[in-house]
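The values are calculated or read from the model by the stated rules, or taken from the named source; none is laboratory data. Quantities reported herein were computed from a predicted structural model and do not represent experimental measurements. Note: ideal-geometry Cβ built from the backbone for every residue, glycine included; neighbour counts use all protein chains shown.
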Ligand code: MSP
């Protein structure tokens, strides 16, 4: 975990969260998908120069975890400790996730504050005692309405039999909040995204909400209800509150004020209602400001089904990073699947994109330019239009201006698409349009032919072409850094940029398109190949 952000009073952070993941099993591609998206989003905002807070963590209470621990002959706490330390945290550092904090719902900083929050709602008359019975899916940790079930008794998400639960519980008066929620959605049209998710929620809330059971008394792996400790708090109420407890709710007011509310809650579409209905209602009841946006990403599918461990289709990210590398992994899912839609993972598609987009378009561009600066200018970046021997500089022409314009356009598009709209596929495509434009420029200008002309004019032209290409790579390194940080660090090193421009992480989106930042004289070296040829996975 890289502690890249810190909050101080008075400065409001761009605060992004992932769902906190159930630790009943090891992470799979679906979990990593959301976490990588949040990492790219927050890295982008850091490059804008904003204060950022990126939170992820684990959801450790509830029946699902309890049963898994029992089946493995350990206590739930032992199970959670093991999974968090041996599977979840190591995966996030393996995938270069720069989260600022990692919250576990079994931590006292969380459990105590959850009790206070629930007590507050109880004191305000928002919680009452009542009875409930109905079909319950332990996989979802949710009561289902009978109309949602498939073939009478199957959970529509897990395709497994639901259980019939009958309990004396405490209830939150969720039904009171329908009109206020609808008003809120109306005046904040961007609160739920994408539009399909918003429509689904509107339809659901318009049908009328039922009160929500917020306690369980048939098992004890949870946070006790403070006024009636025979009950534990429903795992979803406990879990949602992580977004508040992690940033100092009830314990560190300065930090809380500097961070709250979240700008973006990233969630999978399966948990949209919890975040877009129950969560804002809880906050309204308590009087806290509501989040800026809930963005529901689609599912990664295998064979037409949601990829999941319980369906035995969960693929471990390491199976892919071993073959393609971490940066290509981060790139692939965001580039290949429009964020917000479902998408299928395919080994063939990944290989094809790796080879054509990463290795050929991007990697080869970087190595060709470094090789030519090495060969023709001894690795010292020449000044555009200056042969190194001619006293007068030859001005860059329209072809170079077109590149500078292309860069300005790609930067503006990527900034809006990635930074504002969470359209990662569109934003990355805009950057790669620029990569292709630079490749086209080199093909047209054919510096290897110009190099044969040893006159001062020929040398000056060659200098212009290679300067233009290297300067373009300087910008590409910055633009792709949020997506592929290790690769872009290698490129930054190969361009010899750091002594002149400082660390890559300090480069700002607002400066990317300012042409001519990489100075002549930079030492360009042919670094490692950015995207090596893939081994045959079967060998
Ligand atoms: N613990 C709850 C979330 C509480 S948040 C206050 C939970 N955990 S989960 O581990 O089951 O799933 C969390 C998230 O993982 C999903 O919402 C989604 O973001 C991601 N995904 C899990 N499987 C997925 C796919 N197959 N595809 C894409 N994302 C999926 O729900």
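Okay, here's what the table says:
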quantity	calculated
Residue match in the range 31-45 (condition: more than 30 Å from residue 420 (Cβ to Cβ) and out of contact with any strand residue (DSSP E or B) (no Cβ under 9 Å at 6 or more places or on another chain))	no
Entirely in the range 206-320, the helices (runs of 4 or more DSSP H) that have 3 or more residues that are more than 12 Å from the ligand (Cβ to nearest atom) and within 22 Å of residue 117 (Cα to Cα)	253-259, 279-286
Pairs where the first residue, in the range 9-20, is more than 16 Å from the ligand (Cβ to nearest atom) and the second is modelled with pLDDT under 95 and part of a loop (DSSP other than H, G, I, E, B), C-beta under 8 Å, 6+ apart	13/5; 13/7
Flag if residue 79 is surrounded by 16 or more Cβ atoms within 10 Å (Cβ to Cβ), in a helix (DSSP H, G or I), within 14 Å of the ligand (Cβ to nearest atom) and modelled with pLDDT of 95 or more	no
Residue 398 vs. criteria under 39 Å from the mean Cα position of the chain (by Cα) and either over 21 Å from residue 475 (Cα atoms) or at pLDDT below 95 (or both)	yes
Meets criteria (surrounded by 24 or more Cβ atoms within 10 Å (Cβ to Cβ), under 17 Å from the mean Cα position of the chain (by Cα) and either within 16 Å of the ligand (Cβ to nearest atom) or modelled with pLDDT of 95 or more (or both)) for residue 62	no
Residue among 374, 385, 340, 363 that alone is more than 16 Å from the ligand (Cβ to nearest atom), crowded, with 18+ Cβ neighbours inside 10 Å and either modelled with pLDDT of 95 or more or part of a helix (DSSP H, G or I) (or both)	363
Residue in the range 46-68 that is assigned to a helix (DSSP H, G or I), free of Cβ contacts under 8 Å to residues at least 60 places away in the same chain, touching a strand residue (DSSP E or B) at 6+ places or on another chain (Cβ under 6 Å) and under 29 Å from residue 337 (Cβ atoms) present	no
Qualifying residue in the range 22-29 (condition: outside any loop (DSSP other than H, G, I, E, B), modelled with pLDDT under 95 and within 13 Å of the ligand (Cβ to nearest atom))	yes
Among the candidates 285, 239, 258, 281, residue that is crowded, with 20+ Cβ neighbours inside 10 Å, closer than 20 Å to residue 12 by Cβ and touching a residue at least 24 places away in the same chain (Cβ under 8 Å)	258
